[in-house]
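Here is the structure we will look at.
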Amino acid sequence: MNNIEKENILNDAYDLGFKYEKNMHGCAQSAILAVKNFFEIEDIIFKSANSLSGGISEGSRGSCGAFLAGAVIFSYFFGRDIKSTNISGSKFKDKKLTNILRKKFHEKYQAETCSKIQEKIFGRSFNMLTEKGKMKMNNAGAHKDKCTAVVGNGSKWIVEILLEENIPLKYNK
């Protein structure tokens with residue numbers, strides 16, 4: 001794959017992550033669905049990430065759902081399986097790749113947690129456990145251009161890392 005093809009794929013990954021977050025309002029699942037457009041990933045991975053959005057179950061205090069989506073996807077491809085319980089989990093590549101993603105989040109947002117990313121992109125964080133907090137966040141542009149861009153970037157970075165790891169594409173433009 002040449003650089004132009006790679007750049008097109010990464011731009012498409014960003015656009016899909018942005019679009020899915022705008023329409024679905026679930027950062028972890030939106031990022032997974034965007035990445036799933038490019039790589040063979042079982043549907044159960046999407047379903048399993050439902051509670052990971054909004055700083056875990058919309059609590060805002062945990063990791064960003066788009067970041068967690070990357071951790072889940074990297075574990076899907078490179079994590080410890082049940083036959084390897086006698087081997088330390090730290091020996092598997094998924095942790096290295098998640099730390100690469102962590103670095104990208106920190107370079108862009110100086111954080112990987114939902115509340116800290118909210119502070120960076122909104123100037124404050126929101127209590128998404130209340131309808132009032134969700135409404136304020138949405139009115140501030142969460143699903144217009146704020147969280148959507150975070151999910152777009154996360155999706156792009158996850159795809160970029162998987163391409164660097166030579167995971168076969170199911171998608172070609």
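The values are calculated or read from the model by the stated rules, or taken from the named source; none is laboratory data. A quick note: this is a predicted structure, and the numbers were derived from the prediction, not measured. Counting neighbours? That spans all protein chains shown, and the Cβs are built from the backbone with ideal geometry, glycine included.
Structural remarks
- Residues (closer than 25 Å to residue 118 by Cβ and in contact (Cβ under 8 Å) with a residue 40 or more places away in the chain) located in region 30-55: 30, 31, 32, 34, 35, 54, 55
- Positions within region 144-161 being of a type outside the set (Val, Ile, Thr), more than 15 Å from residue 8 (Cα to Cα) and surrounded by fewer than 24 Cβ atoms within 10 Å (Cβ to Cβ), in sequence order: 144, 145, 146, 149
- Failed item, numbered, when residue 141 is tested on (1) without any contact (Cβ under 8 Å) to a residue 60 or more places away in the chain; (2) surrounded by 18 or more Cβ atoms within 10 Å (Cβ to Cβ); (3) not β-branched (Val, Ile, Thr): (2)
- Only helices (runs of 4 or more DSSP H) whose full extent lies in region 31-137 are considered here, and the ones with at least 1 residues that are among the small types (Gly, Ala, Ser) and under 18 Å from residue 158 (Cα atoms) are 43-48, 65-78.
- Tabulated pairs, region 70-97, first under 22 Å from residue 49 (Cα atoms) and modelled with pLDDT of 95 or more, second among the hydroxyl-bearing types (Ser, Thr, Tyr) and surrounded by fewer than 17 Cβ atoms within 10 Å (Cβ to Cβ), C-beta under 8 angstrom, 6+ apart or interchain: 72/48
- Residue in region 53-63 that is at pLDDT below 95, crowded, with 18+ Cβ neighbours inside 10 Å, within 13 Å of the chain's Cα centre (by Cα) and of a type outside the set (Gly, Ala, Ser) present: yes
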